[in-house]
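Trainee: Dumping the structure here so I can ask a few things about it.
The values are calculated or read from the model by the stated rules, or taken from the named source; none is laboratory data. Computed from a prediction, not measured in an experiment: that's the story for all the values here. Note that we place each Cβ from the backbone using ideal geometry, even for glycine, and neighbour counts take in every protein chain shown. Only protein heavy atoms, including side chains, enter the accessible area calculation; ligands, DNA and RNA are left aside. Shrake-Rupley method; radii C 1.70, N 1.55, O 1.52, S 1.80 Å.
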Amino acid sequence: MSSKPEQKETHQANGAVLPIVPVDCLTSPDRGQLVEPSDFLGPDSDGVEVVVLESRANAKGVREEDALLENGSQSNESDDTSTDRGPEPASPLKETSFSIGLQVLFPFLLAGFGTVAAGMVLDIVQHWDVFKYVTEVFILVPALLGLKGNLEMTLASRLSTAANIGQMDTPKELWRMITGNMALIQVQATVVGFLASIAAVIFGWIPDGHFSIDHAVLLCASSVATAFIASLVLGMIMIGVIIGSRKMGINPDNVATPIAASLGDLITLALLSGISWGLYKELESKAYVNPLVCAFFIALLPIWIIIAKKNAATREVLYSGWEPVIIAMAISSVGGLILDRTVSDPNFAGMAVFTPVINGVGGNLVAVQASRISTYLHMSGMPGESSETAPRKCPSPCSTFFSSDVNSRSARVLFLLVVPGHLVFLYTISSMQGGHTTLTLIFIVFYMTAALLQVVILLYIADWMVHWMWGRDLDPDNFSIPYLTALGDLIGTGLLALSFHILWLIGDRDSDVGD
């Protein structure tokens, strides 16, 4: 049989696509290990075609069986573009409910304890002078804590997807992703922090009609400085977590976003409290300090913009990624207005310690789900491509929570973590004597109802929103998580405030609401 180098025929064996190549390609020692030519030689020893087990997805010659065992991780390079890729990744399909829960549990608890610590901090600092006399700082709290959803969680989701599809395998690619994304989040943090301060001033002025230029500058300086420093610290932590997860064989989607929030709330709230308190002390004697702080961080913007523009991986987000973070900031600020109006009432002072917890847990869980769905879709194609995995219609609740799909399975696992997780966090708050509320049975029932309703709504919206954005040629890693975490802040704060009002109206004096 004569040799046919141009032939594109393939052979199917054991579920792997095997290209057919001439036998004279097997004379090199490394390929001689794969197939014995003598087993395939006919009467004429020239030009016999044999089957070679060689992976299309790995340019370094790793066999396809090995590539499939490495969690479905594939390089972008391909030696043979004529053969279709498999429609679904191996890694997500092999995950069981137990493995998902096991990987999510520890980061979830770590993130939860971070929100508990943030709640304890907020419970203490709400009595500081800066929070008493510049109450608009309360409006900044959900907006700046939401930066972990607007920026850090988006960064974690973006880098997790890049790691899972093989875009961070080489040192050059890794460095490119790190520098571009760190510069990008500094740009976003500075702008969002500035806009959050404007929103806080407006929302604080509307109810009372009172405006103070000194307080406005104080809010601007505190917000911009907090956003910049928190994003810098958390961004570096996220990069380390994702690199470490890949080396340990753990799916970064399951651990990166919760860990982004574990220290995110605590660091951000501690920075906001400390910076605003320090600037408030200097307000009377050194009024020029606040404008200087604002000017310093805004002056750094051109540097970060230039670095982000030079990186192809972040250039598109730099131009098109503003809509979700700005709208999400506005949504979170509405939640901050609810918090400001509720906590300012002595009857509901106990709500402060629980607000970061319920908002943080809901945001963490929905961020994990959104990141997983996004990675699943990225492994099947590119945004905007027609795919059976990306329906454009609104899904039914049954398909979101009760189907056999891997994303439905993860939604059930995440939902089942809500009650035991919150019980642990509530017990921790109670044992540390935090807040002004005694944990009675009726309070726990109302609190758990609010938490479960919040997570159900968020998981359903995530299933619809990620697929909808994918069908609209929008990358869910950049667009979905800011909206979802902001909605988590608004829904969580609203439901918690409603629960406290109902408890106060029905006269649950045993819980000491408002004492």
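Trainee: Is it fair to say residue 501 is in contact with a Gly (Cβ under 6 Å, 6 or more places away or on another chain), surrounded by fewer than 24 Cβ atoms within 10 Å (Cβ to Cβ), modelled with pLDDT under 95 and not hydroxyl-bearing (Ser, Thr, Tyr)?
Mentor: So residue 501 does not fit the description; no.
Trainee: Right, next: Go through the residues of region 391-398 one by one and say whether even a single one is modelled with pLDDT of 85 or more and assigned to a helix (DSSP H, G or I).
Mentor: No: zero hits.
Trainee: Could you grab the pairs with beta carbons closer than 8 Å, sequence gap of 6+ or different chains, first residue in region 413-425 and in the same structural domain as residue 366 (by the TED database), second one of a type outside the set (Asp, Glu) and open to solvent by 60 Å² or more (accessible area, probe 1.4 Å)?
Mentor: 417/105; 425/113
Trainee: Output the residues belonging to region 111-126 that are in a helix (DSSP H, G or I) and among the polar types (S, T, N, Q).
Mentor: Kept after step one, since they are in a helix (DSSP H, G or I), are these residues of region 111-126: 111-125.
Listed by number, the list holds a single entry, 115.
Trainee: Kindly list, by first and then second residue, each pair from a residue in region 463-492 that is more than 23 Å from residue 142 (Cβ to Cβ) and aliphatic (A, V, I, L, M) to a residue that is in a helix (DSSP H, G or I) and open to solvent by 20 Å² or more (accessible area, probe 1.4 Å), limited to pairs with Cβ atoms under 8 Å and residues at least 6 apart or on different chains.
Mentor: Within 8 Å, the pairs are 469/479.
Trainee: Quick check on my filter: what residues within region 119-130 are touching a Ser or Thr at 6+ places or on another chain (Cβ under 9 Å) and free of Cβ contacts under 8 Å to residues at least 12 places away in the same chain?
Mentor: Of everything in region 119-130, just one residue is touching a Ser or Thr at 6+ places or on another chain (Cβ under 9 Å) and free of Cβ contacts under 8 Å to residues at least 12 places away in the same chain, namely 124.
For (1) within 20 Å of the chain's Cα centre (by Cα); (2) open to solvent by 10 Å² or more (accessible area, probe 1.4 Å); (3) free of Cβ contacts under 8 Å to residues at least 12 places away in the same chain, each residue gets a yes or a no:
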{"position": "97", "(1), (2), (3)": "no, yes, no"}
{"position": "101", "(1), (2), (3)": "yes, yes, no"}
{"position": "134", "(1), (2), (3)": "no, no, no"}
{"position": "140", "(1), (2), (3)": "no, no, no"}
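Trainee: Quick one: residue 213 ticks every box in (1) buried (at least 20 other Cβ atoms within 10 Å of the Cβ); (2) more than 15 Å from the chain's Cα centre (by Cα); (3) of a type outside the set (D, E, K, R) bar one, so which box is it?
Mentor: (1)
Rundown of residues vs (1) touching a helix residue (DSSP H, G or I) at 6+ places or on another chain (Cβ under 7 Å); (2) of a type in the set (A, V, I, L, M, F, W, C); (3) open to solvent by 30 Å² or more (accessible area, probe 1.4 Å), yes/no style:
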site	(1), (2), (3)
275	yes, yes, yes
291	yes, no, yes
325	yes, yes, no
343	yes, yes, no
349	yes, yes, no
353	yes, yes, no
360	yes, no, no
371	yes, no, no
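Trainee: Which one of these is outside the structural domain of residue 119 (by the TED database) and open to solvent by less than 10 Å² (accessible area, probe 1.4 Å): 312, 308, 270, 287?
Mentor: Answer to the selection: 308.
Trainee: Let me ask something additional. Residue 241 fails exactly one of the following numbered conditions: (1) surrounded by 20 or more Cβ atoms within 10 Å (Cβ to Cβ); (2) hydrophobic (A, V, I, L, M, F, W, C); (3) farther than 30 Å from residue 96 by Cα. What is the number of that condition?
Mentor: (3)
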